[in-house]
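Take a look at the structure set out below.
The values are calculated or read from the model by the stated rules, or taken from the named source; none is laboratory data. Since this is a predicted model, take the numbers as computed values, not measurements. For neighbour counting, all protein chains shown are included, and Cβ atoms are generated from backbone atoms with ideal geometry for every residue, glycine included. Only protein heavy atoms, including side chains, enter the accessible area calculation; ligands, DNA and RNA are left aside. Shrake-Rupley method; radii C 1.70, N 1.55, O 1.52, S 1.80 Å.
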Amino acid sequence: NFITSSAAGEAPFMLYYCSPAVHLPHTPPSSIDGNPIAGTTPSDHLDMNRVLDLEVKKIVDALKTAGVYENTLIIFTSDNGGLGISDVQGHRSSGGFRGTKNLPYEGGHRVPFIAVWPSVIPANTTIDAMVNGSDILATIAEVMGSSFPADQAKDSHSLFPIFLGDIDYEPRIEMMQQGGSDPKIMFRDGPWKLIMQSSVGHNDLVKADTSAVALFNLDDNPNETESSNFINDPAYASRVITMYDRYWEIREA
């Protein structure tokens, strides 16, 4: 109803939809709009993936019916990595990366980021740029020809040039991440990733209570990401110090 009524007007509109479908507890319904759900896949979790598929389909169908699909930017992504789903079920919710939700490895934080805009974005385009969820704000602002105060959203970088076809555009070379249930901090510098362990909680985090515990090159062993920890390799000692100090330079700024 929101899409139908909004599309009837002249002003652009935005829908922010957060689906709880694949989050615990997994409670698949027997069917949705005549489509059977419960028991149609190897697990309740995958049944709920079907629910999410149908939710997205209803949104897309409503846009098409309203005649605005071709000129609508759709961004599909997640806020954290997947659950530890067994390979026996034919599904790896972390995409083959090490770790799952809340862990400091790529499987805990790397997520799908799919952008569809039929009249603008070339189909089947894949980019290798480093993207953070905070970049959505600057992206939508530029798409709309809008702006926000210079002292706001300082860590948001527009992806609009990528949408327009500049697949070599790199909006960021650094990224800071934070674990959920475990006080670990991750700092990215290009393909390099430094993991730090804190002896205190996130809110009380201080430099003296934080130590570097892992250094990975995400371009190394692409099929076994984060399998080689260089933290104690003398050849990378200076990189560990540089990245550690850079993280704290940003945090304390």
Exercise for review: Could you provide, to the nearest whole Å², the per residue accessible area of the range 1-136 with probe 1.4 Å?
Suggested key: 61
Revision key, fill the gap. Here D for the chain, in µm²/s, from Stokes-Einstein with a Kirkwood Rh over Cα pairs at 25 °C and 0.890 mPa s, works out to 118
**Study point:** Convex hull (Cα only) mean projected area of the range 184-253, reported in nm² to one decimal
**Key:** 4.9
Review point. In square nanometres, what is one fourth of the surface area of the convex hull spanned by the alpha carbons of the range 26-82?
Key: 4.9
Exercise for review: For Leu159, list long-range residues whose amide hydrogen, built 1.01 Å from N in the peptide plane, is under 5 Å from its own amide hydrogen.
Suggested key: Thr139
Review point. Say we join alpha carbon atoms closer than 10 Å with springs in a Gaussian network model of the chain; which of Asn221, Asn229, Asn124 then has the biggest fluctuation?
Key: Asn124
Revision key, fill the gap. On the accessible surface of the chain, probed at 1.4 Å with all protein chains in place, carbon and sulfur together account for a percent value of 52
Review point. Which residue, Asp53, Asp135, Asp33, tops the fluctuation ranking in a GNM of the chain built on C-alpha contacts under 10 Å?
Key: Asp33
Practice item. Quick one: which residues, 5 or more positions from Trp192 or on another chain, have an amide H under 5 Å from its amide H? H modelled 1.01 Å from N in the peptide plane, none for Pro or chain starts. Key: Leu218
**Study point:** Highest-MSF residue in the chain out of Ala11, Ala237, Ala208 [GNM, Cα springs under 10 Å]
**Key:** Ala11
Revision key, fill the gap. For the pair Val68 and Ala153, the simple spin-label estimate (label points 7 Å beyond Cα toward Cβ) gives in nm 1.9
Revision key, fill the gap. Taking every other residue with Cβ under 15 Å from the Cβ of Lys57 and scoring Lys and Arg +1, Asp and Glu -1, one gets -1
Practice item. Can you check what the net charge comes to around Gly82, using other residues whose Cβ is under 11 Å from the Cβ of Gly82 (Lys, Arg +1; Asp, Glu -1)? Key: +3
